[in-house]
Amino acid sequence: MMSSAVSRIPAASPEQALAHFQALQQFETDCWDVHHALSNQRQDFVLLDVRAESAFSEGHIAGAISFPYAKLNQANLAEYPQDTLFVVYCAGPHCNATEKAAIRLAKLERPVKKMIGGVCGWLDEGFELVSGSEG
């Protein structure tokens, strides 16, 4: 049988796969886990919508703070303790604002995770957005 594009490059060993996927959990969370934390008063992180303020106003996750990634700097984060966990999201997989925000936060030595899926993932899960300028 001919190999496919899927199997042509062999899969990693189970040990490598375990290390890789466990490591991802240090960098990423998902819409379901964020929603669960928000819905059950278990929010131990600050949720940042790192898109443009106009996109935030059109629709965002309730409880999120509008913080366009370009504004992430030491002065603007001064009110947050150094060990605050920030969870960042943007429009979705087609947008790299979360990576830009995560890089800035990491350079500022701030804990950060990306909410994979962003707004697209949030809506795909059946969760709702709110509009306006308040979180």
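The values are calculated or read from the model by the stated rules, or taken from the named source; none is laboratory data. Because the structure is predicted, anything quoted here is derived from the model rather than measured. Cβ atoms come from the backbone with ideal geometry, glycine included; neighbour counts cover every protein chain shown. Note: accessible area is taken over every heavy atom of the protein model, side chains too, but ligands, DNA and RNA are not part of it. Shrake-Rupley method; radii C 1.70, N 1.55, O 1.52, S 1.80 Å.
Remarks
- Flag for L105 being among the aliphatic types (A, V, I, L, M), surrounded by 18 or more Cβ atoms within 10 Å (Cβ to Cβ), out of contact with any Gly (no Cβ under 8 Å at 6 or more places or on another chain) and touching a residue at least 40 places away in the same chain (Cβ under 8 Å): no
- Taking the criterion of being on the phi < 0 side of the Ramachandran plot and among the polar types (S, T, N, Q), the residues of segment 35-74 that qualify are S39, N40, Q43, S54, S57, S66, N73, Q74.
- Residue under evaluation D33, criteria (1) of a type in the set (D, E); (2) farther than 19 Å from A106 by Cα; (3) more than 18 Å from the chain's Cα centre (by Cα), criterion not met: (3)
- Number of residues in segment 110-131 that are in contact with a strand residue (DSSP E or B) (Cβ under 9 Å, 6 or more places away or on another chain) and open to solvent by 20 Å² or more (accessible area, probe 1.4 Å): the value is 10.
- Of the residues making up segment 94-135, those that are part of a helix (DSSP H, G or I), touching a helix residue (DSSP H, G or I) at 6+ places or on another chain (Cβ under 8 Å) and of a type outside the set (A, V, I, L, M, F, W, C) are T98, K100, R104, G118, G121, D124.
- Filter pass, N96 being surrounded by fewer than 20 Cβ atoms within 10 Å (Cβ to Cβ) and over 16 Å from the mean Cα position of the chain (by Cα): no
- Selection of first residues in segment 19-30 that are among the charged types (D, E, K, R) and of second residues that are open to solvent by less than 100 Å² (accessible area, probe 1.4 Å) and in a helix (DSSP H, G or I), restricted to Cβ pairs under 9 Å at least 6 apart or on distinct chains, gives the following pairs, ordered by first then second residue: D30/G121.
- Those helices (runs of 4 or more DSSP H) of segment 4-93 in which at least 3 residues are open to solvent by 60 Å² or more (accessible area, probe 1.4 Å) and over 21 Å from G132 (Cβ atoms), considering only elements entirely within it, cover 14-27, 31-39.
To keep it simple, each residue is scored yes or no on (1) touching a residue at least 12 places away in the same chain (Cβ under 8 Å); (2) in contact with a Lys or Arg (Cβ under 7 Å, 6 or more places away or on another chain).
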{"residue": "F67", "(1), (2)": "yes, no"}
{"residue": "L72", "(1), (2)": "yes, yes"}
{"residue": "A78", "(1), (2)": "no, no"}
{"residue": "F86", "(1), (2)": "yes, yes"}
{"residue": "P93", "(1), (2)": "yes, no"}
{"residue": "A101", "(1), (2)": "yes, no"}
{"residue": "G117", "(1), (2)": "yes, no"}
{"residue": "S133", "(1), (2)": "yes, no"}
